[in-house]
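Below is one structure, written out as structure tokens; comments come after it.
Computed from the coordinates by the stated procedures, all read-outs in this text should not be read as laboratory data. Nothing here was measured: the structure is a model prediction, and the numbers come from that model. Positions of Cβ are backbone-derived with ideal geometry, glycine not excepted, and every protein chain shown enters the neighbour counts.
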Amino acid sequence: MGPTASGKTGAAVALMSKLPVEIISVDSALVFKEMNIGTAKPEAEVLEQAPHHLIDIIDPTSAYSAANFRSDALRLMADITARGKIPLLVGGTMLYFKALEDGLSGLPEADSSVRAALDAEAAQIGWPAMHRKLAAIDPVTAARLEPNDTQRIQRALEVYQISGETMSSLFAKQTNEALPYRLLKIALVPSDRKVLHDRIALRFDQMLAAGFVDEVRALIAKYPTLTPESTAMRCVGYRQALEHLAGDYNAAELRDKGIFATRQLAKRQMTWLRGMTDMVELDCLADNLHELVLSEIIRFI
């Protein structure tokens, strides 16, 4: 686990030559087909060397939930272990990790009509105001969300409207569903936040140079129903690219807004990590990171 640009994929691929592992992606953006550059999806040659489960499984107009992930991950973990291998779950979508370990049975399924109503309300009053509305209903959940975290604010309000209960209260009620596995949780975190920020900026510049804007232009041409509120387009960077293509701001502003949004994502991921327990924390900036990860796994085994 770790924030974006912390080197998770590199560390996972390095393990392939050392241990009988199979990688399961824990990333809510990598599930989408045709979204390669902006999601920093591993290159084709990397995926050939180290195949990842749960990458490229749905098109950008579809939705994928934490409940979907848990079901898919458990099925894959059972299959992998049955073949005598080790499931290696790699990614930065912390809600998915939580769903896998604790379960999400108490949360209602998404409701498109409720979401449409919330989107319409947000268009009128803005997402910061929606965040304040959530804070009045569910201060616990609101406290861990940024005012611009539109997807999670919407989901928390949706849960309340559908069930009449807050997300935090439903989380508190749910019973842990013990997994039939021993878990080793390794968190890759930066000893210097500025270095991580520099990595994020460099990677976003590389995405732009690789044709990220053209990728988004092709997506909206092929899937005209995509909007900034579509689940796929809420992936960091994509909303900003859509707004840029709509003429809301220029290329330089796209770069600034994209880097800022990615840094905010990393901040949220770090907040999730701080709330997790029983973790082994490793410095993602360490020169010998891959060796450190391997030694922790061998010690655990």
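Of Lys173, Lys41, how do they rank once you tally other Cβ atoms within 10 Å and put the fewest first? Walk me through the intermediate numbers first.
Numbers: Lys173 10, Lys41 22.
Lowest count first: Lys173, Lys41.
When ranked by the protection proxy of mean other Cβ atoms within 10 Å per residue, highest first, what sequence do the peptides 85-95, 278-288 form?
Packing proxy ranking, top to bottom: 85-95, 278-288.
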Seminar exercise, completed: Between Ala187 and residues 5 or more places away or on another chain, the pairs with built amide H atoms under 5 Å apart involve Val280, Glu281, Leu282
For this session: Compute the distribution of all C-alpha to C-alpha distances in the chain, in bins of 20 Å from 0, and list the percent of pairs in each, rounded to whole numbers.
Result: 31, 61, 8
For this session: Please turn the phi angles of region 126-143 into ³J(HN,Hα) values with the Karplus equation 6.51 cos²θ - 1.76 cosθ + 1.60 (θ = phi - 60°), one per residue in order, whole Hz, x for glycine and proline.
Result: x, 5, x, 5, 5, 5, 5, 4, 5, 4, 6, 8, 9, x, 5, 5, 4, 5
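If we sort 110-119, 188-197 on the protection proxy, mean other Cβ atoms within 10 Å, highest first, what's the order?
Values: 110-119: 14.1, 188-197: 16.0.
The densest-packed peptide leads the list: 188-197, 110-119.
How high is the FRET efficiency between Ala209 and Ser17 when r is their beta carbon distance and R₀ equals 35 Å, given to the nearest 0.05?
On the way: r = 30 Å, r/R0 = 0.86.
Result of the calculation: an efficiency of 0.70.
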Problem set entry | Simple spin-label estimate for Asp287 and Ala218 in nanometres, 7 Å along Cα-Cβ | 4.0
Seminar exercise, completed: Neighbour-count ranking for Ile220, Ile58, Ile125 (other C-beta within 10 angstrom, fewest to most) reads Ile125, Ile58, Ile220
Seminar exercise, completed: Residues meeting the amide H criterion for Leu89 (H placed from the backbone, H to H distance under 5 Å, 5 or more places apart or on another chain) are Ile24
Exercise. Once the Cβ-Cβ distance between Tyr181 and Ile58 is put in as r, and R0 is 25 Å, what FRET efficiency do you end up with, to the nearest 0.05?
Worked result: 0.45
Exercise. In whole Hz, what ³J(HN,Hα) sequence does region 37-45 give by Karplus (6.51, -1.76, 1.60; θ = phi - 60°), x for Gly and Pro?
Worked result: 6, x, 8, 6, 4, x, 4, 4, 5
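Using alpha-carbon pairs under 8 Å, 6+ residues apart, how would you state the relative contact order of the chain in percent?
On the way: 372 pairs, mean separation 79.4, N = 301.
The normalised contact order for the chain reaches 26 percent.
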For this session: Taking every Cα atom in region 199-301, find the radius of gyration and the maximum pairwise distance Dmax, and write them in Å.
Result: 17.9, 54
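Mean residue ellipticity at 222 nm from the helices of the chain, using -39,500 (n - 2.57) per DSSP H segment of n ≥ 4 over the full residue count, to the nearest 500 deg cm²/dmol? Walk me through the numbers on the way to the answer.
Details: 14 runs with 163 residues, N = 301.
Helices in the chain give a 222 nm mean residue ellipticity of -16500 deg cm²/dmol.
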For this session: Averaging sequence separations of C-alpha pairs under 8 Å and six or more residues apart, then dividing by the length of region 112-173, give the relative contact order as a whole percent.
Result: 32
